[in-house]
Amino acid sequence: ITGDKNVPIEQHHTVIKRISGSQSSGANFISFNYPAFRSYGKEKGMNAPVSKSAAAAYTKALQELVNSEKNNVRIANSTIVFWAEKKSKSQNSYDLEENFAWFIADPPKDDPDRGVQAVKSLYDAIYTGRLAGSNDRFYILGLAPNISRISVRFFRQGTVREFGEKIKQHFDDFAIVKSPKEPEYLSLSRILTATALQYKMQNVPPNLASAVIVSILDGTPYPMTLLQQCIRRIRAEQNVTRARAAILKATVNRFNRIHKPNEKEITMALDPNNKNPGYLLGRLFAVLEKIQEKASPDINATIRDRVYGSASTNPVVVFPQLLKLKNHHLAKLDHPGRKIFFEKLIGEIMSGLSEIPPHLSMNDQAYFAIGYYHQRQDFYKSQKDNNATN
């Protein structure tokens, strides 16, 4: 490590405490305590020879980062530590170290806008050119406990500018139409819990948090596990939230951008020109649900609560019956303009479908959920913009 020769080797490395999920007494970075781990009969620290000075330096530095209030963030079962090579004194550089934690964690209750401020400061640095001048080195280390040891999930190093651009792309990918009351940006914590049972972080699949962070930092496709988990939760709860729609949009777009560059990207809001069968069926399902709500304002459970799962997987079984039921609901509407509006909208959507497919792939189920969400959000426009449905 140091390049020095004939130096004493550290036999017992100092344990690191406060790693998320590790023993309270601490965990080792380097430890060999079973015969199977002792290559060539070497025991203790001799199997990974590190000098006493280097061992003292790395354990002290790592413990300082873990203890620091601003140089680490914990999510799921991972502890992420990060640091800049040096504190930049230039006014033309961006302080990633100050903001990095808030791209991942939920903001504190006493400062709920902290995450939004962090993202806005990143965009501001890009637009003003401050990020372009941030060429200082930055380091990110992902750690996870493994009984009494610490395992390295990932280690990334690069310039502040490189990481800043990748993080900004991540927030661009997750941008989607939303209600005015929702936060402007989604933290990684909120993204992950949207895929978990009861929205609890302990129910997030192991390694998923680290895999998503690596995708963000490397600019690579998000793990397909993220999309699959999201669709499972949507089908289980019959509920497409803003976070879930954003997950599906980001995952599909980033995959297509890298592997299918000619594929049209999914937009932030409703796209009438998107002819993907899943997207059109999702829109149609939202329209049929809206008609049902208008016909029966006091209804307790809509078609979404009853048949969303079937409609999004085996549409040919469900949609013919829903379209018949639609006629019954339209007859109950007392406003002629609404009937005309809905019939015209259904006609526009159906014109893009040559047939109702018997089955939707996992990818098309993602399009279905996004189409449904986009159409529902489009209905929530102001009365001035969408008077016919209000």
Length released on extending from H335 to R137, taking residue separation times 0.36 nm less the Cα-Cα span | 64.9 nm
With the Cα gyration tensor of region 306-387 in hand, give its eigenvalues times 5 under a square root as the equivalent ellipsoid semi-axes, listed largest first in whole angstrom.
-> 24, 17, 12
Calculated diffusion of region 198-245, Stokes-Einstein form, Kirkwood radius summed over Cα pairs, 10 °C and 1.306 mPa s, µm²/s = 136
Over 22 Å (Cα to Cα) among K294/K326; K200/K290; K294/K381; K109/K168; K166/K381 -> K200/K290; K109/K168; K166/K381
Once you have all Cα-Cα distances for region 51-115, histogram them in 5 Å bins from zero and send the whole-percent values.
-> 3, 15, 19, 21, 18, 13, 6, 3, 1, 0
If you project the alpha carbons of the chain onto the principal axes, what extent comes out on each, in Å, largest first?
-> 90, 52, 42
Compactness ratio of region 152-227: Cα Rg over 2.2 N^0.38 Å, N = residue count?
-> 1.18
Taking only Cα atoms, what is the 0 to 90° angle, nearest 10, from helix 277-295's long axis to the longest principal axis of the chain?
-> 60
Mind pulling the angle between the C-alpha long axis of helix 52-67 and the longest principal axis of the chain? Nearest 10 degrees, somewhere in 0 to 90.
-> 30
For N276, distant residues with modelled amide H under 5 Å away | none
For peptides 10-21, 252-263, sequence by mean Cβ density within 10 Å, most packed first = 10-21, 252-263
Please give the direction-averaged projected area of the C-alpha convex hull for region 244-300, in square nanometres with one decimal.
-> 4.9
When the convex hull of the Cα atoms of region 117-192 is projected onto a plane and the area is averaged over all directions, what value comes out in nm²?
-> 6.9
If packing is taken as the mean number of other Cβ atoms within 10 Å per residue, what is the order of 172-185, 210-223, highest first?
-> 210-223, 172-185
Taking only the alpha-carbon positions of region 1-140 and ignoring solvent, what does the Debye formula give for the base-10 log of I(q)/I(0) at q = 0.11, 0.14 Å⁻¹?
-> -0.59, -0.83
In the P(r) worked out for region 279-324, what percent of Cα pairs fall beyond 14 Å?
-> 46
Taking every pair of alpha-carbon atoms in region 136-271, what share in percent sits in each 5 Å bin, from 0 to the bin with the longest distance?
-> 2, 9, 18, 20, 20, 16, 9, 4, 1, 0, 0
Determine one quarter of the surface area of the Cα convex hull of region 1-80, which equals its mean projected area, and express it in nm² to one decimal.
-> 6.5
Per principal axis, descending, Cα span of region 128-171 in whole Å | 47, 22, 10
What percentage of all Cα-Cα pairs in region 189-339 are separated by more than 25 Å?
-> 41
The chain: most fluctuating residue of A236, A209, A54 per GNM, C-alpha cutoff 10 Å | A54
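Read-outs throughout are calculated quantities, based only on the coordinates presented, and are distinct from any laboratory measurement. Keep in mind that what you see is a predicted model, and the values were worked out from it rather than measured. Cβ coordinates were reconstructed from backbone atoms using ideal geometry, including for glycine residues, and neighbour counts include every protein chain displayed.
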